[in-house]
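> Submitted below is the structure of interest, expressed as structure tokens.
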Amino acid sequence: MIKEKILVIGACGQIGVELTLELRRIYGGAQVIASDLREENELLKGTGPYVSLDVMNKEMLHVQVIRQNITQIYLLAAILSATGEKNPNLAWSLNMQSLLNVLEIAKEEQIKKVYWPSSIAVFGPTSPKKNCPQQTIIEPITVYGISKYAGEFWCNYYHHRYGLDVRSLRYPGLISYKSEPGGGTTDYAVEIFYAALEEKKYTCCLKEDTYLPMMYMPDAIRATIELMEAKSDAISVRTSYNISGMSFSPKEISLEIKKHIPGFRTTYKPDYRQAIAESWPQSINDQIAKKDWGWKPAFDLEKMTKEMLKNMRKVLE
Ligand code: NAD
Ligand code: SER
């Protein structure tokens, strides 16, 4: 049996660090090559091989894939929603070209499986706000959302046209403490914990009643691995699966944190991210992921808040 050799691109980002560590736990440190433009993340050091790699450089990427005998690729490099609006051309260029480079090389080298995440950002103001279904009106208003929606159809195309086994999830906003978030509209739900523990006060960039779909990172990592380990014929969605964890507003998460840090106070100063957040659904219907590969989230707001505070206290010690 051929041993898997996995390349993670964008391994030093918010998801990349935790996903790389989990893949190394499953497949062995040496089998998972972490790569990024940035310096190696401290948490990855000593856990397996690291290469400096710009995914936009197709030749270098191709060389690494051949040289390392790669069998699976996880592509995580991207510019997220808030940062994307500051430089739309760059966001479009990175988000699309990185995916096209990976899909093309994966096709040529007969890579067994490719993972590429999409986002709730594919949805727009005309999509249903509550319990947003897998298939619905999709008219994104951010360059990030447009790039993710186009990317979903490239994945679908490579699967149906070339038989490439490419799989994808539409992550909600992800909440984690191991590595910092990278410029999304949902980043407030991580920042609020740092602010609560360090200053007991927080100024939120969204209005208090802005509900968004969110997920605790351990659920997102487990969803990713479960999707990638599912039998190919169980995967009915080759664009990208809706998945859901929890849904809350800045006011609700503030109140939940206040249960543990009584003096904590949040004030609200909405900025350009408010319009992005308002264009997205408040909650997501993930019944197809549940039916196809048994998806089930483990964390709600209460459980996630307890875990975040416990773990962040240790990090800040
Ligand atoms: P991040 O910004 O934290 O990490 C992205 C990583 O990619 C960074 O370490 C960055 O240095 C690297 N990178 C950027 N340009 C690169 C290049 N040219 N070559 C190689 N590496 C490069 O992002 P993240 O939050 O970890 O997101 C990972 C993926 O998940 C993205 O596709 C993102 O759209 C998607 N996603 C994230 C969230 C979330 O809440 N974090 C939600 C939905 C979807
Ligand atoms: N968390 C991401 C963002 O806000 C959603 O894709 O951009």
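The values are calculated or read from the model by the stated rules, or taken from the named source; none is laboratory data. None of these values were measured; they are calculated from a predicted model. Positions of Cβ are generated from backbone atoms using ideal geometry, with glycine treated the same way; all protein chains shown enter the neighbour counts. Keep in mind that these areas ignore ligands, DNA and RNA; they rest on the heavy atoms of the full protein, side chains included. Shrake-Rupley method; radii C 1.70, N 1.55, O 1.52, S 1.80 Å.
> Answer yes or no: is there a residue in the stretch 127-139 that is out of contact with any Lys or Arg (no Cβ under 8 Å at 6 or more places or on another chain), of a type in the set (G, A, S) and within 16 Å of ligand 1 (Cβ to nearest atom).
Yes - at least one qualifying residue is present in the stretch 127-139.
> Right, another one. Note down all Cβ pairs under 7 Å where the first residue falls in the stretch 106-126 and is over 20 Å from M60 (Cβ atoms) and among the basic types (K, R), the second is open to solvent by less than 60 Å² (accessible area, probe 1.4 Å) and away from ligand 2 (no atom under 13 Å from the Cβ), and they're at least six residues apart or on different chains.
If the second residue must be open to solvent by less than 60 Å² (accessible area, probe 1.4 Å) and away from ligand 2 (no atom under 13 Å from the Cβ), the pairs left are K112/T71; K112/Q72; K112/D165; K113/Q72; K113/D165; K113/R167; K113/M228.
> Follow-up. Name the strands (runs of 3 or more DSSP E) wholly inside the stretch 133-252 in which the number of residues that are open to solvent by less than 60 Å² (accessible area, probe 1.4 Å) and over 17 Å from I288 (Cβ atoms) is 1 or more.
It comes to 173-175, 201-204, 212-216, 246-248.
> Given the criterion farther than 16 Å from A11 by Cβ and surrounded by fewer than 17 Cβ atoms within 10 Å (Cβ to Cβ), identify the matching residue among S93, S118.
Exactly one residue qualifies, and that residue is S93.
> Does K58 qualify as being of a type in the set (D, E, K, R), at pLDDT 95 or above and surrounded by 15 or more Cβ atoms within 10 Å (Cβ to Cβ)?
yes
> So is K107 away from ligand 2 (no atom under 15 Å from the Cβ) and in contact with a Phe, Trp or Tyr (Cβ under 7 Å, 6 or more places away or on another chain) or not?
So K107 passes the test.
> For T47, indicate whether it is assigned to a helix (DSSP H, G or I) and either within 14 Å of ligand 1 (Cβ to nearest atom) or open to solvent by 30 Å² or more (accessible area, probe 1.4 Å) (or both).
No: the conditions fail for T47.
> Right, another one. For the stretch 182-216, which positions are among the polar types (S, T, N, Q) and within 16 Å of ligand 1 (Cβ to nearest atom)?
Those that are among the polar types (S, T, N, Q) and within 16 Å of ligand 1 (Cβ to nearest atom): T185, T186, T210.
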